[in-house]
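Single-structure report; data block below.
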Amino acid sequence: MIDPLHFRKVLSSYPTGVCVITARGDDGRRHGMVVGSFTSISLDPPLVGFFPATGSQTWLAMAEVGRFCVNVLAAAQLEDCQRFAARGADKFGDMSHGESPSGQPLFDGALAWLDCTVEATHEIGDHFLVVGRVETLGRCEDGEPLLFFGGQYHRIGEHA
């Protein structure tokens, strides 16, 4: 049997980018969650994916929306990352942000964004695989990404 702590430690050897997945419900409530599991799935059609935990209340609220925006965080957005990684009611608070073409929260200063509709959701182990069809996308700024490696956030070449 694989020890879960050892499994996590071994996988922490693989650096990942950091994204915040956002959605706005029909009632206007904004939702957001940090993921390090974002990936490209297909070029034709353009599909991306991420893996929220099956117990995530944030994902359950977002799933009802049927669409989401991926905000690829810049190295300077560590504070935004920590805000959305924490548990709490309104993670957006007084945070300034724009909107994607479909009306999803779009972070000021993000390196890139992808506006998606939910194509499919599959339960796999203790996570869901959420597949999104990219409807629109763009690059907002030049800069360095926020990275997660060895259990800590980093900038390229240094700790964040």
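All of the numbers you see were taken from the coordinates with simple rules; none came from a lab. Treat the numbers as computed from the prediction; the structure is a model and nothing was measured. Using ideal geometry, Cβ is built from the backbone for each residue, glycine included, and neighbour counts are taken over all protein chains shown.
Derived from the Cα gyration tensor, the three semi-axes of the equivalent ellipsoid of region 66-160 are 22, 18, 15 Å, largest first.
Counting only helical runs of four or more DSSP H residues, what would the 222 nm mean residue ellipticity of the chain come to if each run contributes -39,500 (n - 2.57) and the total is spread over all its residues?
-4000 deg cm²/dmol
Among Leu60, Leu43, sorting on how many other beta-carbon atoms sit within 10 Å of each Cβ, with the fewest leading, yields Leu43, Leu60.
Remark: region 104-118, residue by residue, has Karplus-estimated 3J(HN,Hα) of 7, x, 10, 5, 5, x, 5, 5, 7, 8, 9, 9, 10, 9, 6 Hz, where x stands for each Gly or Pro and the curve is 6.51 cos²θ - 1.76 cosθ + 1.60 at θ = phi - 60°.
The average projected area of the chain, computed from the convex hull of its Cα atoms over all directions, is 9.9 nm². Separation of region 101-119 and region 125-152, taken as the distance between their Cα centroids, equals 11 angstrom. For region 43-100, a/c is not less than 1.5, where a ≥ b ≥ c are the root eigenvalues of the C-alpha gyration tensor, and a/b does not top b/c. That puts it in the oblate class. Across the chain, where is the longest run that never hits GluC sites (Glu not before Pro) in a DSSP loop with at most 13 other C-beta atoms within 10 Å? Answer from the scan: 65-140.
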